[in-house]
C-alpha cells in the first residue's frame, strides 16, 4: 500500500474511533469530569447553560438507565450537578478515586458562587468508555432526585380534575 493511502486509511480509522467514543462514554474518568463541567462555564453561550437534556448528551454522559431519567422533561428545582439554580464555578478538582467492584467513585470538589460543593460521581467503564451511573451528594443521589421529581409530577397530574 502506498504511504499516502496508508495514512488516509489510518486517519479514517482514527476519526471513526473518536466518533464512537464521542457518541457514548469517555476514554478516562478525568475526561468525563472535564467534559461534564465544561457545560457550566461562563465563556461561550453554547456551553454555559448546564448539561443539555437531549438524547445525544444523555447517551454520551450517562449509563442507559440514568440517561432515560435525564431525558425526562419534568421541571427541576435546581441543577443537581452543581447543587444550585445558578452557577459560577471555580476550578473543578478530582480529589480522589475509589474503585469498588464494577464502579469507580470519582470525588469532585469545586466552589459554586463562593460555596463549596463536593460530589461523588459514580462511573462505570463500558464497551464505549466511561459513563455516569449516578452522582451522590452528602444527602441525596441524582437517580433518587430524578425519581422523586417524576413521582411528584405524576402524582400531581393524577390529582388534577379533568376539564
_Condition first: in a strand (DSSP E or B), in contact with a helix residue (DSSP H, G or I) (Cβ under 7 Å, 6 or more places away or on another chain), touching a residue at least 60 places away in the same chain (Cβ under 8 Å) and over 16 Å from residue 34 (Cα atoms). Can you find one or more residues in segment 109-130 that meet it?_
no
*Filter segment 105-119 down to residues that are crowded, with 18+ Cβ neighbours inside 10 Å and farther than 17 Å from residue 40 by Cα, then give me how many there are.*
1
*In segment 55-83, what residues are outside any loop (DSSP other than H, G, I, E, B) and touching a strand residue (DSSP E or B) at 6+ places or on another chain (Cβ under 7 Å)?*
61, 62, 66, 70
*Do any residues in segment 64-93 that are on the phi > 0 side of the Ramachandran plot have Cβ atoms under 8 Å from those of residues that are modelled with pLDDT of 95 or more and outside any loop (DSSP other than H, G, I, E, B), where the two are at least six apart or on different chains, and which pairs are they?*
83/112; 83/117; 83/119
*asked:* I want to confirm something. Restricting to segment 94-104 and keeping residues that are free of Cβ contacts under 8 Å to residues at least 40 places away in the same chain and in a strand (DSSP E or B), which single residue is surrounded by the most Cβ atoms within 10 Å (Cβ to Cβ)?
replied: 103
*If we keep just the residues of segment 73-88 that are more than 16 Å from residue 117 (Cβ to Cβ) and surrounded by 13 or more Cβ atoms within 10 Å (Cβ to Cβ), which is modelled with the lowest pLDDT?*
74
*Counting only residues that are at pLDDT below 80, loosely packed, with under 13 Cβ neighbours inside 10 Å and either touching a strand residue (DSSP E or B) at 6+ places or on another chain (Cβ under 7 Å) or not in a loop (DSSP other than H, G, I, E, B) (or both), how many does segment 16-54 have?*
7
*Could you please find all residues in segment 92-112 being touching a strand residue (DSSP E or B) at 6+ places or on another chain (Cβ under 7 Å) and modelled with pLDDT under 95?*
102
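The values are calculated or read from the model by the stated rules, or taken from the named source; none is laboratory data. Since the structure is predicted, the reported quantities are computational estimates derived from the model, not experimental observations. Cβ atoms come from the backbone with ideal geometry, glycine included; neighbour counts cover every protein chain shown.
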